[in-house]
Amino acid sequence: MKDESTPSVPMPPSQNHEGRWRGLYPFEPRGLSIGGHLLSYLDEGKGQPILFVHGNPTWSFAWREFVKSFRATHRCIAVDHLGCGLSDKPENYDYCLENHISNLVKLVETLDLHEITLVVHDWGGAIGLGALGRQPKRFAKVVITNTAAFPSPHIPLRIAACRLPVLGTIGVRGMNLFAGMATTMATERAEGLSPEVKAGYLAPYHGWKNRVAIDRFVKDIPMSPHHRSYKTLKEVEGALEVVKTLPTLIMWGMKDWCFSPWFYQQFCQRLPQARKVEFGHAGHYLFEDACEEMLAEMRLFLSR
């Protein structure tokens, strides 16, 4: 298949702590053209591929320590979904689960990845496992962290408020309440995230136009069978039958108020073969709260 990637993607414009957060992200992003839009991704190292799939409102910056740690032994690919991170953020794009899955499948096919270890978080669970369900022969192992891959009756009030048609959009896009508050509310670190790390998470999301996908992600949560993404999410749920046949590691931040321990128990019941690791001190951003512990568990998992 023809490789449609480009060698590099521009970094976001200067913001507070610019120089220091960029030092935390010492990579040269690449780009893939999808429908005339640029999809940014990292492609670091050589060996069997690890595919890192982020959620909302993060980007590949969340996986920076994992890419640094494993690129000496593996090929590390970390995607920025359209509308997120360093990818293009078109206003009129249809930001729905189906399209995010299709975009990830195209990236996997373009890079011709095989024997993939899939690592997912938040909305990346539905997107990444959706891609696995469509290309099961390309995937070898799965790492699941604080996510969902099935419909749920639970939605936190603070998330529900962001779904309001007008006020929710003003809050998410105009006031940066979702991405901005996540840098505080998604971590359980007593000292909080450093200014440099906060700046890294927020750098791609400055201004109304750059927060379009964050708003659409929130509104794309299918809370009833009548929602347009409900059928797609049910297809993702079916992919768990494939995951049952694969070596799987589940790592969970047990203080997550968004993807609470209820979701963890659902995965434990559905994937009895998986190794389960609970981080009692970690919240939703467990890759910040329990990074070293996660890296140790992944090294053990990959070596088996």
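How do Lys276, Lys231, Lys141 rank by accessible surface area computed with a 1.4 Å probe, from largest to smallest? Working shown, then result.
Numbers: Lys276 65, Lys231 145, Lys141 35 Å².
Order by accessible area, largest first: Lys231, Lys276, Lys141.
Annotation: for a label point projected 7 angstrom from Cα along Cα→Cβ of Met185, residues of segment 232-267 with backbone N closer than 11 Å are 257-258.
In this Cβ point-charge picture (+1 for Lys and Arg, -1 for Asp and Glu), segment 145-304 has a dipole of about 620 debye about its Cα centre. Take every pair of alpha-carbon atoms less than 8 Å apart whose residues are at least six positions apart; their mean separation over the length of the chain yields a relative contact order of 19 percent. Charging the Cβ of each Asp and Glu at -1 and of each Lys and Arg at +1, and nothing else, the dipole of the chain about its Cα centre rounds to 340 debye.
For the chain, give the share of DSSP beta bridges that are antiparallel, in percent and rounded to the nearest 5; count only bridges with both residues there. Please list the in-between numbers first.
Working: 11 of 36 bridges.
The antiparallel fraction comes to roughly 30 percent.
Working note: Karplus 6.51/-1.76/1.60 with θ = phi - 60° gives segment 250-259 the couplings 10, 10, 9, x, 7, 9, 6, 8, 8, 8 Hz, where Gly and Pro are set to x. By the combined test of axial Cα extent (at least 27 Å) and Kyte-Doolittle hydropathy (mean at least 0.0), none of the DSSP H helices of the chain qualifies.
Considering only Leu86, Ser102, Ser69, and ranking their Cα positions along the charge dipole of segment 65-108 that arises from unit charges at the beta-carbon of Lys, Arg, Asp and Glu, the one farthest toward the positive end is Ser69. The calculated FRET efficiency for the pair Arg275 and Ala161, based on their C-beta separation and a Förster distance of 45 Å, comes to about 0.80. Of Thr145, Thr73, the order by accessible heavy-atom surface (1.4 Å probe, DNA, RNA and ligands excluded), from most exposed downward, is Thr73, Thr145. In the context of the full protein assembly, Asp94 retains an accessible surface of approximately 60 Å², using a probe radius of 1.4 Å and ignoring ligands and nucleic acids.
Figure legend: label point modelled 7 angstrom from the Cα of Ser152 along Cα→Cβ; residues of segment 46-76 with amide N under 17 Å from it are 54-58. Here Lys255 is the anchor, and the aspartates and glutamates within straight C-alpha reach of less than 15 Å, apart from those fewer than 8 places off in the same chain, are Asp122, Glu188, Glu278, Glu288, Asp289. Overall, the accessible surface of segment 174-304 at a probe of 1.4 angstrom is composed of carbon and sulfur to the extent of 57 percent.
Only DSSP H runs of four or more residues enter the estimate; each adds -39500 (n - 2.57), and after division by the residues of the chain the mean residue ellipticity at 222 nm equals -10000 deg cm²/dmol. Trp123 sits with roughly 30 Å² accessible to a 1.4 Å probe, with DNA, RNA and ligands left out of the calculation. Look at where the Cα atoms of segment 231-283 and of segment 97-148 average out, and the two centres are 15 Å apart.
The values are calculated or read from the model by the stated rules, or taken from the named source; none is laboratory data. Given the structure is predicted, the values throughout are model-derived calculations rather than measurements. Neighbour counts run over all protein chains shown; Cβ positions are idealised from the backbone, glycine included. All accessible areas refer to the heavy atoms of the entire protein, side chains included, with ligands and DNA or RNA removed. Shrake-Rupley method; radii C 1.70, N 1.55, O 1.52, S 1.80 Å.
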